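Notes for the one structure printed next.
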Amino acid sequence: MITKKLLVIILGCVICICNLNTSVTAMENEQDVIFSQNWMIEDGYIEEIVEEILPFSTIVNMNWKVGAKTEKKTKAFYKKAGSKITVDIKVIPKQKVRIGIVAKDIGRMYVDTTNTVKRTFNIKKTGEYSVFVTNKSDNAIYAVGSYTK
């Protein structure tokens, strides 16, 4: 019979394993930010305050195989106007590709390349965005690198 203590240990290990591939970085502001232990979370209100005070982004690593004449894209993620999405992706082997971001109601911003893209896209309109790689060549490629969301 599984005890509560063993169940908690197993659950903790599963949570740790699930979070192994997510890198998180924080950018510092010139001003000191003081967090109060008296803040209460109510309907996501604290998340909005923290994002405005201390902007941060999550770096997501990628290693995609993209077939010939195929496009792959990430799941959509929410970005506010005034924020940024940075892509740093290398194409192996060198082939003609299009790398960028797309939003349903906003359209596409992209770079055509055969090699590496390191580009920061400024978000002008709040919405749901995805990062995409379109392989325009007749051969499969690998898109290796990262993007921020």
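Please treat every number below as a calculation from the coordinates, not as lab data. Keep in mind that this is a model prediction, so the values were computed, not measured. A quick note on method: Cβ atoms are made from the backbone with ideal geometry, for glycine too, and the neighbour counts reach across all protein chains shown.
Taken along the Cα-to-beta-carbon direction at a fixed 7 Å, the label points for Asp112 and Val60 span 2.7 nm. Site pair Lys124 and Lys69 shows an inter-label distance of 3.3 nm when each label is modelled 7 Å from Cα along Cα→Cβ.
Return the FRET efficiency for the residue pair Lys104, Thr3: r is the Cβ-Cβ distance, R0 is 35 Å, and the value is rounded to the nearest 0.05.
Numbers: r = 49 Å, r/R0 = 1.39.
E(calc), rounded to 0.05, equals 0.10.
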